[in-house]
Amino acid sequence: LGFGREDRHTNVQRIGFVAELLASNGVKALVPVIAPYADSREAVRERHATAGTPYLEVHVATPVEVCSERDVKGLYARQAAGEISGLTGVDDPYEVPRAPDLRIASHTQTVRESAAALHALLEQRGLA
């Protein structure tokens with residue numbers, strides 16, 4: 001798949017399908033995926049709801065400047081140099097989740113604080 005809107009949507013749907021399949025069989029799946037479009041995320045949420053499986057949306061909210069500083073693959077530098085395009089949140093849209101189940105501000109929270117917040121949510125929802 002490529003990085004166009006349709007391919008990104010397909011990728012998120014495939015990942016959502018596997019996550020729901022695991023969840024429907026009692027397996028908890030933590031899926032770290034860049035899902036830039038609200039309609040793609042909503043379709044995955046609806047798939048889980050239809051199947052009666054739990055679903056939580058966790059938005060790791062990190063400013064693009066911080067993403068650029070942390071970029072081990074050099075994608076932001078390559079985009080800035082004009083070598084690549086379609087980088088999510090830079091020259092391709094990222095639709096920020098309006099009401100995720102949890103928002104983690106990774107640029108101000110430690111890893112320990114972020115993990116604790118996620119664990120607390122899982123416990124609150126009976127999923128821990």
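Centre-to-centre separation between the Cα atoms of the stretch 89-128 and those of the stretch 13-31: 18 Å. Neighbours of Val12 by Cβ distance under 15 Å: Lys/Arg scored +1, Asp/Glu scored -1, total -3.
Taking 0.36 nm per residue of sequence separation and removing the Cα-Cα distance, the Ala115/Asp101 pair yields an extension gain of 3.6 nm.
When Val66, Val111, Val60 are compared by accessible area at a 1.4 angstrom probe, the order from most to least is Val111, Val60, Val66.
Around the amide H of Ile104, modelled in the peptide plane, lie the amide H atoms of His59, Val60, Ala61, all under 5 Å away and 5 or more residues distant in sequence or on another chain.
Of the two radii for the chain, the radius of gyration is 0.98 times the Kirkwood radius, both from the alpha carbons; that is the Rg over Rh value.
For the stretch 66-81, backbone phi angles converted through the Karplus equation (6.51, -1.76, 1.60; θ = phi - 60°) give residue-by-residue couplings of 6, 4, 4, 5, 8, 5, 7, 8, x, 5, 5, 5, 5, 5, 4, 7 Hz, Gly and Pro being listed as x.
Each of Ala117, Val44, Ala105 was placed along the dipole of the chain (beta-carbon charges, centred on the mean Cα), and the one lying farthest toward the positive end is Ala117. Placing +1 on each Lys and Arg Cβ and -1 on each Asp and Glu Cβ, with no other charges, gives the stretch 22-70 a dipole about its Cα centre of roughly 240 debye.
Kindly state, to the nearest 0.05, the FRET efficiency for Leu75 paired with Arg14, given R0 = 25 Å and r defined as their beta-carbon distance. It comes to 0.70. Against the chain, whose longest principal axis comes from its Cα atoms, helix 111-124 is set at around 30 degrees. Per-residue 3J(HN,Hα) values for the stretch 21-35, derived from phi via the Karplus relation 6.51 cos²θ - 1.76 cosθ + 1.60 with θ = phi - 60°, read 4, 5, 4, 5, 10, x, 9, 7, 10, 9, 10, x, 10, 7, 10 Hz in sequence order (x marks Gly and Pro). Taking 0.36 nm per residue of separation and subtracting the Cα-Cα distance, full extension of the segment from Glu46 to Asp7 would add 12.1 nm.
The values are calculated or read from the model by the stated rules, or taken from the named source; none is laboratory data. All figures in this text were calculated on a predicted structure; none of them were measured in a lab. With ideal geometry, Cβ positions are generated from the backbone for all residues, glycine too; neighbour counts draw on all protein chains shown. Keep in mind that these areas ignore ligands, DNA and RNA; they rest on the heavy atoms of the full protein, side chains included. Shrake-Rupley method; radii C 1.70, N 1.55, O 1.52, S 1.80 Å.
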